[in-house]
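Step one of this worksheet: look at the structure below.
The values are calculated or read from the model by the stated rules, or taken from the named source; none is laboratory data. Fair warning: this is a prediction, and the values are worked out from it, not measured in the lab. Note: ideal-geometry Cβ built from the backbone for every residue, glycine included; neighbour counts use all protein chains shown. SASA here: full protein model, heavy atoms, side chains in, ligands and nucleic acids out. Shrake-Rupley method; radii C 1.70, N 1.55, O 1.52, S 1.80 Å.
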There are 4 protein chains.
Amino acid sequence: MTRIIAAPEPRTLDLIFRPDALATLRSRYDIHECAASDIADAPEDVLSEARYIIGQPTIDATLLDRLTSLRCVFNVEGNLMDNMPYDRLFERGIHTVTPGAVFALPVAELGLGLALDLLRGITDADLAFRENRETWGLESNREARLLTGAEVGLIGYGDLGKALHRLLAPFRPKLRVFDPWLPSSFITDAGAEPASLETVLSESDVIFTVAGITSQNRGFLDAGAFGLMRQGAAFILLSRAEAVDFEAMTDAVRSGRIRAASDVFPEEPMPPDHPVRNLKDFIRSAHRAGALTQAFYLMGEYVLEDLALLDQGLPPLRCRRAERETVSLMRSKPVELN
Amino acid sequence: MTRIIAAPEPRTLDLIFRPDALATLRSRYDIHECAASDIADAPEDVLSEARYIIGQPTIDATLLDRLTSLRCVFNVEGNLMDNMPYDRLFERGIHTVTPGAVFALPVAELGLGLALDLLRGITDADLAFRENRETWGLESNREARLLTGAEVGLIGYGDLGKALHRLLAPFRPKLRVFDPWLPSSFITDAGAEPASLETVLSESDVIFTVAGITSQNRGFLDAGAFGLMRQGAAFILLSRAEAVDFEAMTDAVRSGRIRAASDVFPEEPMPPDHPVRNLKDFIRSAHRAGALTQAFYLMGEYVLEDLALLDQGLPPLRCRRAERETVSLMRSKPVELN
Amino acid sequence: MTRIIAAPEPRTLDLIFRPDALATLRSRYDIHECAASDIADAPEDVLSEARYIIGQPTIDATLLDRLTSLRCVFNVEGNLMDNMPYDRLFERGIHTVTPGAVFALPVAELGLGLALDLLRGITDADLAFRENRETWGLESNREARLLTGAEVGLIGYGDLGKALHRLLAPFRPKLRVFDPWLPSSFITDAGAEPASLETVLSESDVIFTVAGITSQNRGFLDAGAFGLMRQGAAFILLSRAEAVDFEAMTDAVRSGRIRAASDVFPEEPMPPDHPVRNLKDFIRSAHRAGALTQAFYLMGEYVLEDLALLDQGLPPLRCRRAERETVSLMRSKPVELN
Amino acid sequence: MTRIIAAPEPRTLDLIFRPDALATLRSRYDIHECAASDIADAPEDVLSEARYIIGQPTIDATLLDRLTSLRCVFNVEGNLMDNMPYDRLFERGIHTVTPGAVFALPVAELGLGLALDLLRGITDADLAFRENRETWGLESNREARLLTGAEVGLIGYGDLGKALHRLLAPFRPKLRVFDPWLPSSFITDAGAEPASLETVLSESDVIFTVAGITSQNRGFLDAGAFGLMRQGAAFILLSRAEAVDFEAMTDAVRSGRIRAASDVFPEEPMPPDHPVRNLKDFIRSAHRAGALTQAFYLMGEYVLEDLALLDQGLPPLRCRRAERETVSLMRSKPVELN
């Protein structure tokens, strides 16, 4: 039976495989489970025969030489860290893949929910109602706006941006996309308008930030960026707190320039006395956009399906492959908590 | 110039016409504005020459006889009341129309926002975060579910049901529709599954109530109906409070059987000490789903466009016509407040 | 049992009802079948009790007075003729309905097929291949064009125009619509661009004529209209031959200005020696676009469903109602042949 | 300036670059143009400095060693031949890419046109009309069927299959896909039903063959396969003649079992006396589905865009990369003619 080394921490096999999927995995493969830190201590036959690794353990050049049958590393945390000799992996034709696309849909659904909340004041209106200070009908809607027909900007157009685009389609937005890694025609073909960051910032009623973090873009949404936004714009931060200067964002909210919602924070959890906890016109989501059981189980399905393709001598398809050109640029912070 | 009698209360012309649209209206038509209660006192030439009425004043048979040129009554409140001799209007080929479809999209957008909030706990999570008792990541998502792929039921499939269906499309729901006034094939053609009320109630993860009120269906969602729902189902009430036994609904929420959100209430405003104000797993919206300035202005556009059609000798198209067969069944309560 | 008078000629009950649907009809209703010309000779109780007529017999005022229970006339030929006292029907609240929408989809499918044929030369290339004079690859495609991204014009936006629009959607055309009976915003809401006839004629790569004939538009596509079209435009005539000056159309084809396809002809059948039979760059379809068994059976389903609604005291929904304002303008020629 | 070696035969730079795109290419890069057979004779500095090759010349190991700066080979013919040491290319991280996806849309549009022609008899009806033997209306439609609601099978689900799927969407087919290189869930996510080859063959009203040829599937649609098809099924062959046993296909047509259309033939051109030229119920297209000027120019755009990405140190995106696992299996025959 084909050998797999499983060292998925902080994930666990139970987290990412539905019970029946885990049974399938165990019936098809000979699985050596170990702590990520102990992989080098695995028996020599396990190392030499393992075709796949499920996990993202640190692998140095010496260890890689012992992994003579390795074909694919499934990084189930989802962020590529600088803990493997990727050049050597590429040379040997070993894939490193991430099933992070499973989070795109749950994050997009929450993102749409947050946008509708900002545009219609759902949370604030409920809170007011609880506290006997609600207003009724038109009077409560002085700042409410439709999403339909709005000018919407996406900063980033990877899996998450595309998932949001699909959910937004029936709202017929004027959709502008800023993504410096994509040719314009790719965005045009997808039915959106490629735009500069400045245009997205200054011409949008609703802005979704869905860009990953690289060594080149940390904190690129700074005070200047927030200063470009329209009065009353709705800003939704879904990907990584490192994309924004967090204080600049909260200042822009506090000043009344924008409304905002965020699923990610510079510290998680945030300190108990942090002023963001009381910030008006701001919706807080404690990094809960992607971490649904449904998403983790889908990750297990992706892994099983790609294992089957690899077993047939085909390349993996459901998980996303690390790219030789960009692997060293990726800097999204791995999670410590599922 | 063609004469119009304008008696739109509780609406006003300023509410339903954008300033430029109102200028257009005034430039094209000779408008007699009066209180609804004073219409019978209008000068005889106004009554005999008026082709259109904007408003829903009480019209008795005598008054109707004096309105010899009347072609169309634009009921801009939106609910058909028992205050006109409809039979005689139909006989004379006078249209009575309602532009209530303008509210379908804003209500549908809010409805989707409420559904996403119930499924993902947006409001509750924000409140917890404010109060330093938030949980992070997977731990906070124990009851969270995707809308994508969910079983969704629509009770009613008029303008609002159709607008919701369009917004739901990218979520690829298994969508069931109960609407006793529509042939099955109409629903099938629209891409949904016609179903009995029982099936919709018992087989849905998310239920939207978007049915109008007739003399036949008041309170049809009673304790028995809520008892059929799935444990943990999300119930969203968007059309009329009279569709439900309100106490049965809040009991079902209190017992933990369902989560719910409502835009309509048996009394508006609700008493300050009403227990619904503190009800957990319930999102309150103070009849704010439809009453957006954008919707009222669209109403004015519909009226202007249908006036232009009528002026050309064509039937109205943007507003919905009262039907001879059903006008007497309609019992949705008119609003007193915009 | 509710009585129906059936006099559907040139249709027959077998043509429009699938065997099981006809059995349903017969089990639910007491049907008096007669020739259209003999309806006045029906027994008095049949006339006085008949709630519905399936067919479009001539009905004069005297006969109508005897039809005391009549609620709806199902004109299953589909064109409204000047053979009933429509004013009196409207006054009495008797619906006259046409199930002609059943032809929209089959005609739209053929229309798309004809457009693709004109753009890619399918018929001509097959004929050349049969005759050993085909050219291969790029050489054979000197005039071929994609439909995707083309500028497309619809003349008329009724059921057929809408059906075509749906089929064209994935080609992402720039779609312009000319329809003088519709407000601009109706077309905009449908996702197309309202345009003048001149703009549609002069700015389209592909033009579909799908307008019905009224007393006002006979022959409105004349030599001047064809003179406005783009060199090489594809013109597809689907609705009625009377919409065009047929000779002007064939002249425009013969001169090399346009390519065309037509499903309708000024005489049907056309004379054996008519030059249109040999016209190059022209595709001939002998009024076969709509007349599919599937469409006729759908007509029967529509009739059964609307009967059920009427039986419940609701207005018909699947068939289209004649309008008091426009019934006298309709001039599309009835068919003699199914 | 970055160096490119251009040896695109049988393509030419003029064929694949619109004049302005070619000017852009020439302004950005130092281009060495030569015959594919002469590449080894290029000056040593050209070989050592060339970052990109546009073309698919034979490259042996020795030549590859001299191409020390090479990053990407743009195979603009589109089929991967066994004329390069791919293993060594992969090891060095040199991409080999094909812009063949540009043909997907033109082929899909023609494929849909052929399907509508087979279902409605467009070509046959036109020919009959020319020859004074047409039938009119329903009589001519005895075998006509709607595409809407039909059971449709796709054999292969690469770029072409996906493009067809998009065009077919408004017809709401029951769509089954057979593609042994794709996990089931990939097809399910795309909104189709994964199926075995047998199911696709035996349960479809319309079958599109859009699979590429590998060393494993040559002639897999043989007499047995055609024997499984439904009486009257429409079979459309779009990808490669080698996918079918051509004689088995024409026998199935001749026997009246199926109707078929094909864009590809075992010999191109076919012999003048080949019986397929007179085959009834068969539509012939002389390999004209993809070779549109619009498609070739799009190829040039893809190349320019991917060059820009590669220049930025990013991987190519618009063209499809050869895969280490499958490159040796590809056996679609290169074209000799554009």
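Using just the Cα positions, wrap the stretch C:200-253 in a convex hull and report its mean projected area in square nanometres, one decimal place.
Directional mean of the projected Cα hull area for the stretch C:200-253 stands at 3.3 nm².
Let me cross-check A:R166: its accessible surface, 1.4 Å probe, with only protein heavy atoms counted, in Å² to the nearest 10?
150 Å²
List, shortest first and in nm to one decimal, how far the label point of B:Q231 (7 Å from Cα along Cα→Cβ) is from its counterparts in the other copies.
5.3, 5.3, 7.5
Taking the axis about which chain D rotates onto chain A, which residue of D lies nearest it as judged by Cβ position, and how many whole Å separate them?
D:E91, 3
Students often get this wrong, so check it: of B:K174/C:K174; B:K174/D:K162; A:K174/D:K174; A:K280/B:K162; A:K162/B:K162, which have C-alpha atoms separated by over 30 Å?
Beyond 30 Å: B:K174/C:K174; A:K174/D:K174; A:K280/B:K162.
Need one number: the % of Cα-Cα pairs in the stretch C:99-241 sitting beyond the 20 Å mark.
Taking all Cα-Cα pairs of the stretch C:99-241, the fraction more than 20 Å apart is 49 percent.
If you project the alpha carbons of the stretch C:190-314 onto their three principal axes, what span does each projection cover, largest first, in Å?
58, 40, 26
Measuring from centroid to centroid over Cα atoms, what is the spacing of the stretch B:1-74 and the stretch B:152-209 in Å?
Distance between centres, Cα-based: 38 Å.
When all alpha-carbon pairs of the stretch C:260-317 are counted, what percent fall beyond 16 Å?
Summing the P(r) of the stretch C:260-317 above 16 Å gives 61 percent of all pairs.
Return the tail of the calculated pair distribution for the stretch B:1-156, meaning the percent of Cα-Cα pairs more than 21 Å apart.
60 percent
Which is farthest toward the positive dipole end of the stretch B:249-320 among B:V264, B:L307, B:G290, measuring Cα position about the Cα centre, with Cβ charges +1 (Lys, Arg) and -1 (Asp, Glu)?
Of the candidates, B:V264 comes out farthest on the positive side.
Measuring nothing but label to label, 7 Å from Cα along Cα→Cβ, what are C:T58's distances to the other copies in nm, shortest first?
For C:T58, the other copies' label points sit at 5.2, 8.6, 10.0 nm, shortest first.
So if I take the alpha carbon set of the stretch B:1-88, get Rg, then get Rh from the Kirkwood formula, what is the Rg over Rh ratio?
0.94
Please find the FRET efficiency linking B:D311 to C:S215, where r is the Cβ-Cβ separation and R0 is fixed at 25 Å, and quote it to the nearest 0.05.
Result of the calculation: an efficiency of 0.85.
One decimal, nm, shortest first: give the distances between the label point of A:A169 and those of the same position in the other copies, each label point 7 Å from Cα along Cα→Cβ.
Those label-point separations list as 0.3, 0.7, 0.8 nm.
In Å, what is the Rg of the alpha-carbon atoms in the stretch A:135-182, and how long is Dmax?
Using the Cα atoms of the stretch A:135-182, the pair Rg, Dmax is 14.3, 47 Å.
Work out how much length C:S184 to C:D38 would gain on full extension: take 0.36 nm times their residue separation and subtract the Cα-Cα distance, in nm to one decimal.
48.0 nm
Would you mind counting up the charge near B:A108? Only other residues with Cβ under 11 Å from its Cβ, with Lys and Arg at +1 and Asp and Glu at -1.
That works out to 0.
Starting from the Cα gyration tensor of the stretch C:49-91, multiply each eigenvalue by 5, take the square root, and state the resulting semi-axes largest first in whole Å.
The three semi-axes for the stretch C:49-91 are 16, 13, 9 Å.
Tell me, how many Å apart are the Cα centres for the stretch B:95-138 and for the stretch D:232-257?
If you average the Cα positions of each part, the centres end up 55 Å apart.
Restricting things to alpha carbons, find the Rg to Rh ratio for the protein assembly as shown using the Kirkwood radius for Rh.
0.98
Kirkwood Rh over Cα pairs of chain B into Stokes-Einstein at 20 °C, 1.002 mPa s: D in µm²/s?
It comes out at roughly 99 µm²/s.
Note down the net charge around D:L25, summing +1 for each Lys or Arg and -1 for each Asp or Glu among other residues with Cβ under 13 Å from its Cβ.
Net local charge, D:L25 excluded: -4.
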